[in-house]
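Notes to accompany the following structure.
What follows is calculated from the coordinates using simple rules that are stated; it is not laboratory data. What you are looking at is a predicted structure, and each value in this text was computed from that prediction instead of being measured. Glycine also receives a Cβ, built like all others from the backbone with ideal geometry; neighbour counts cover every protein chain displayed.
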There are 2 protein chains.
Amino acid sequence: MDMESESQQAGAQRVPRLLFISFFLSLSLSTLARAATRRHEWEISYQFKSPDCVRKLAATINGQSPGPTIRAAQGDTVVVSVKNSLLTENLALHWHGIRQIGTPWADGTEGVTQCPILPGETFTYAFAVDRPGTYIYHAHYGMQRSAGLYGMIVVAAAAPGAEPFAYDGEHLVLLNDWWHNSTYEQAAGLASVPFVWVGEPHSLLINGRGRFNCSAAVAGTCNATLPECAAEVFAVETGKTYRFRIASITSLSALNFEIEGHPMTVVEADGHYVKPFVVKNLNIYSGETYSVLITADQDPNRTYWLASNVVSRKPGTTTGTAILSYHGGGSSSPPPTTPPTGPAWNDTMYRFQQSVMTVAHPAHVEPPPAIADRAILLLNTQNKIDEHIRWALNNVSFTLPHTPYLVAMKRGLLGAFDQRPPPETYAHQGYDIYEKPPNPNATTSDALYRLRFGSVVDVVLQNANMLDANKSETHPWHLHGHDFWVLGYGIGRFDPAVHPASYNLKDPILKNTVAVHPYGWTALRFKADNPGVWAFHCHIEAHFFMGMGIVFEEGIERVADLPTEIMGCGKTKGGH
Amino acid sequence: MDMESESQQAGAQRVPRLLFISFFLSLSLSTLARAATRRHEWEISYQFKSPDCVRKLAATINGQSPGPTIRAAQGDTVVVSVKNSLLTENLALHWHGIRQIGTPWADGTEGVTQCPILPGETFTYAFAVDRPGTYIYHAHYGMQRSAGLYGMIVVAAAAPGAEPFAYDGEHLVLLNDWWHNSTYEQAAGLASVPFVWVGEPHSLLINGRGRFNCSAAVAGTCNATLPECAAEVFAVETGKTYRFRIASITSLSALNFEIEGHPMTVVEADGHYVKPFVVKNLNIYSGETYSVLITADQDPNRTYWLASNVVSRKPGTTTGTAILSYHGGGSSSPPPTTPPTGPAWNDTMYRFQQSVMTVAHPAHVEPPPAIADRAILLLNTQNKIDEHIRWALNNVSFTLPHTPYLVAMKRGLLGAFDQRPPPETYAHQGYDIYEKPPNPNATTSDALYRLRFGSVVDVVLQNANMLDANKSETHPWHLHGHDFWVLGYGIGRFDPAVHPASYNLKDPILKNTVAVHPYGWTALRFKADNPGVWAFHCHIEAHFFMGMGIVFEEGIERVADLPTEIMGCGKTKGGH
């Protein structure tokens, strides 16, 4: 059941006390007076679904995948009670792009901020949405996100007219890729020797709908006439301007999104206003969100494709489609054209240019600190550990501990994870990023980076060649608990003596997810001012599973008493 | 890693202290002096396996399914450290037929005796094997057993010659049924409206090996030449006598097992010696074990089939096969014959007669108490609850609580489950068991039966017609923590005023699992003298999942302090 109430303090009575107190301490009284509490009650269960016309067991929220959209206004409190009705499987839900200021235990990252939610349990997430914008939520446990647990969060600006653009109507577009194999099969394959790769997605979904070619499906599993897999229809009226809030929650695919015949003006990225620029189509990576404006100024007597296409990997998946329909959505007929196929999949510079183009709106620049206190240089490589293929940063492949860092650090459970600091850099001067890794060995570790509270941290992500020759992929890196300034991108080897001079310190965009292009580097800066423990990882589900992530701690001593609800695993099993 | 050591107290140092102390208190010093500790270290993970030549993700123990055989001698201690390396899924392992006297927390029944083992955790089971015989272990959480987590326990008699029969060699036969669908799909189907039934097994396995017809498999998934799915070969030498220890761990199927050309003398059932009788083939239900003796007295220059066939349901599965090979297993060639097909699947009386024939060995009769203190009469029906198909006892369909009963009762957590007693009987006088249930409605409940410690309890299980006309199935009921005397069987309606007079009080067999035949009843008696909380349920995986079970409590006040390792879920989450 989903409920929204405009209640204030009294309405929050069902929030666990500790969550409640610590959360409201961080809000000013004036905000409180206007803030609403947006309540949702969710039950997570497996259901048979046919999002692309092929029947598959999907993890659902109240029977649906994607789950319900959370709508709130800036300053509201969102309270989501999550009941785990999976049979044998645990659960955690992450609120992607929400910084969780004062509520680090509500970040929903299993192993980092909480123990998983057991079958039969109800866990309540309560957090403030302090910035308007377009966000996502999704499972953050194992590879569970790929099973269907995801949806959108839309936070409206607190006041009308606060945003630097206007529009007549709004649509939500949630992009995904989809496999008929279970996430268990996918994960087991990734962990196998030899490596078993699931292959390219079976379908691309738009708002949970796609279309697989039934003639290629296992007999009896595919039904192309199901309403459930009919293309989504987006209604417009001639002459009006629409905001499309676009999010990608793909497990693997970098996508290019196009609305046939309707150029898009990019105005928002990851909850921050962008200096507007117009594109024919939009490159979007897993974990990113954008808002674009389009004007309905085309022939209203036909329909138009919305199309998502795989880029950055050689596509093996049919274009994902939906329909733009004039006259208020009067027609759901397919357009008379073939769907747009997007740019060449391997045109890295095309995507690079969009990255560089994405800077802060002139009226909404938040200037970064001029210098950093610390710079961490992370080489992204594919490695082998005991014949398993893994991803590593500076030859360290990440593994999650079974006691969440947040609890382990707050309680001083030093044995819960490796206490040695992970490497700050790699031997970059002699490294040829265009060659296969000279040392493909790596070690696994659950060590984390401890940041001085309030310090300014630069991270440079350096991409490189994979284990196979002439291969480098795009990695969308996502930081929990913060936005970061995107100071620069390059193709080639990052040189700390050269490239920082070219950083954009004038109007860099703030984001929470950013692409590292093939053979490229991306430099970002953030302020370690949010007490808690925060994951930073490649948002490709398989890559994080294979070790492509790190974790930051900052200001743990400033974190309020932890709710006991996040405990119960690892060294906190049975109340220890 | 599996290890066996003849160590005494010192060797047990790695057992958690509480398990250790309470366990050894229950052993006499003289037993201690000779008892060995049998240690096993198991890691549970998903692996791709092809038990019937079709590749499927299976839950494995140290990479194997079936798992390793646990071998011990009467009076030994078995210590199994179970590390959960599943990605997102919890776990519990049950030691089927082991009474767990003094160690009720080691029974491995999720929701009854323990919280599940979380991913990353290691849980140590430690228990005495106090009786010689043939037992089983398997997962007891959701429908996880069907995913491949099962194996055998063989407990040798403490002294040579203690058993009332002799043999030259021994073989283990572990029977199973197998589906290519995942257990998640199976469970979701059972819980769906409309009900989605997985269908008859794809294969019957003998020692984890079967053979699916590759031409009927999804392309690319089946490989008939894999050594992994080659039939097991059982080696014999002419003139010798062999004990075959036979166990069935099927999810669904009642089986008939035959060794072509070799009559079997039944000598053991569920760890108790049977008054020997000879059969051409053996009916065996899920959760049962038997030992039979055969003599290798046939033409040694050919091989012979071991065959398992579905009975009691209309078969839709090819005969499961293995090979008996003379000259010490010199040949693995298929026999020149077609495999035995067993008796007519619907010949209930054939199976009924075997049930009645199975009584205690004259030299090993343990007479039951002459009268019972309490009699519980349980009508087994198929019902509908909110359009879901469920199984019920006296119109109550069982659900597991999320706080294990053992913990909830010991700690007085009264809110953890329904405190009202479940029904002792049903309106039997007017009930026509041959008709569809007149009242198909039922309620779900997690209430349990509280038994006076030391009291003698009779349970009569009454089978009946299912929701569809002219349909009644065999249900193998399994009791945890006890053996029960099987006092009688009947076909038709049990009349408490008539049938108890015909109970066998002279030489009833003790068992832990017993069949309730179609439209039949089975009467059993046990002494409530094992402090703890114990499940009693139909051993068909889908039936227990759909509510076909109850739970007994007895002497909870005599249970020693519980190990905290079994806690951490439900009302004991986070140490509450």
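Over all other residues within a Cβ to Cβ distance under 9 Å of A:VAL292, the charged ones net out to +1, with Lys and Arg as +1 and Asp and Glu as -1. Share of antiparallel DSSP beta bridges in the protein assembly as shown, in percent to the nearest 5? For the protein assembly as shown, the DSSP antiparallel bridge percentage is about 75.
Between copies, the label points of A:ASP373, set 7 Å from Cα on the Cα→Cβ line, lie 7.0 nm apart, reported in increasing order to one decimal in nanometres. Using a cutoff of 8 angstrom between alpha carbon atoms and counting only pairs six or more residues apart, the relative contact order for the stretch B:227-309 works out to 41 percent.
When A:ILE136, B:ILE323, B:ILE491 are sorted by how many other C-beta atoms sit within 10 angstrom of their C-beta, beginning with the fewest, the order is B:ILE491, B:ILE323, A:ILE136.
Between amide H atoms placed 1.01 Å from N, distances below 5 Å from B:ILE433 occur with no residue 5 or more places distant or on a separate chain.
Rounded, prolate or oblate: which fits chain A, taking a ≥ b ≥ c as square roots of the Cα gyration tensor eigenvalues, rounded meaning a/c under 1.5, else prolate when a/b beats b/c? Here chain A falls in the rounded category.
No disulfide-compatible partner, judged by a Cβ distance under 4.7 Å, exists for the following cysteines of the protein assembly as shown: A:CYS538, B:CYS538. Across chain B, C-alpha contacts under 8 Å between residues 6 or more apart give a mean separation that, scaled by the residue count, equals a relative contact order of 14 percent. Dipole check for the stretch B:365-575: with +1 at the C-beta of Lys and Arg, -1 at the C-beta of Asp and Glu, and the Cα centre as origin, the magnitude is about 260 Debye. Each of B:HIS543, A:HIS388 was scored by other Cβ atoms within 10 Å of its Cβ. Arranged with the fewest first, they read A:HIS388, B:HIS543.
Which residues does a label at A:GLN419 reach in the stretch A:541-558, if reach means a backbone N under 20 Å from a point 7 Å past the Cα toward the Cβ? So the set is A:551-558. Largest first and in whole Å, the equivalent-ellipsoid semi-axes of the stretch A:365-574 read 28, 23, 13, each the square root of five times a Cα gyration tensor eigenvalue.
Taking the dipole about the Cα centre of the stretch B:348-500, with the C-beta of Lys and Arg at +1 and of Asp and Glu at -1, give me whichever of B:LEU414, B:VAL459, B:LEU487 is farthest to the positive side. Highest projection toward the positive end goes to B:LEU414.
Listed from fewest to most Cβ neighbours within 10 Å, the set A:MET548, B:MET143, B:MET349 follows the order B:MET349, B:MET143, A:MET548.
Net charge in the neighbourhood of B:ALA464 (other residues with Cβ under 14 Å of its Cβ; Lys, Arg +1, Asp, Glu -1) is -1.
Label reach from B:TYR167 (point 7 Å along Cα→C-beta): in the stretch B:318-349, amide nitrogens under 20 Å belong to B:321-330.
Computed over neighbours whose Cβ is under 9 Å from that of A:PHE48, the net charge equals +2, Lys and Arg +1, Asp and Glu -1. Dipole size of the protein assembly as shown about its Cα centre, with +1 on Lys/Arg Cβ and -1 on Asp/Glu Cβ: approximately 580 debye, rounded to the nearest 20. Each DSSP beta bridge with both residues in chain A is either parallel or antiparallel, and the antiparallel ones are about 75%. Applying the Karplus relation 6.51 cos²θ - 1.76 cosθ + 1.60 with θ = phi - 60° to the stretch B:307-315 yields 3J(HN,Hα) values of 9, 10, 10, 6, 10, 6, 10, 4, x Hz, where x marks Gly and Pro. Short-range pairs are left out: with C-alpha atoms under 8 Å and at least six residues apart, the relative contact order of the stretch A:36-124 is 29 percent. Cα centroid separation, the stretch A:356-424 to the stretch B:427-501: 60 Å. Label positions at A:TYR350 and A:ASN213, each projected 7 Å from the Cα along the C-beta direction, are separated by 2.2 nm.
For B:LYS506 and B:GLU41, a Förster radius of 51 Å and the Cβ-Cβ distance give a FRET efficiency of 0.65, rounded to the nearest 0.05.
Which is farthest toward the positive dipole end of chain B among B:SER65, B:GLN186, B:LEU510, measuring Cα position about the Cα centre, with Cβ charges +1 (Lys, Arg) and -1 (Asp, Glu)? The Cα lying farthest towards the positive end belongs to B:GLN186. Inter-copy label distances at A:ALA344, shortest first and taken from points set 7 Å along Cα to Cβ: 7.5 nm.
Across the identical copies, the label point of B:LYS240 (7 Å from Cα in the Cβ direction) is separated from its matches by 8.6 nm, in order from shortest.
When chain B is described by a simple charge dipole with +1 on each Lys and Arg Cβ and -1 on each Asp and Glu Cβ, the residue from B:ILE206, B:MET264, B:HIS140 located farthest towards its positive end is B:HIS140. If R0 equals 45 Å, the separation of the Cβ atoms of A:THR241 and B:ASN181 corresponds to a calculated FRET efficiency of about 0.35.
FRET efficiency for the A:ARG452 to A:SER332 pair, using the beta carbon distance and R₀ = 56 Å, is estimated at 0.50. Derived scalar couplings between HN and Hα for the stretch B:122-137 equal 10, 10, 10, 8, 9, 7, 8, 9, 8, 9, x, x, 10, 10, 9, 10 Hz in order, rounded to whole Hz, by the Karplus curve 6.51 cos²θ - 1.76 cosθ + 1.60 (θ = phi - 60°), x for Gly and Pro. Take the alpha-carbon centre of the stretch B:187-213, take the same for the stretch A:87-139, and report the distance between them in whole Å. Result: 36 Å between the Cα centres.
Simple point charges give the picture: +1 on the Cβ of Lys and Arg, -1 on the Cβ of Asp and Glu, and for chain B a dipole about the Cα centre of about 360 debye.
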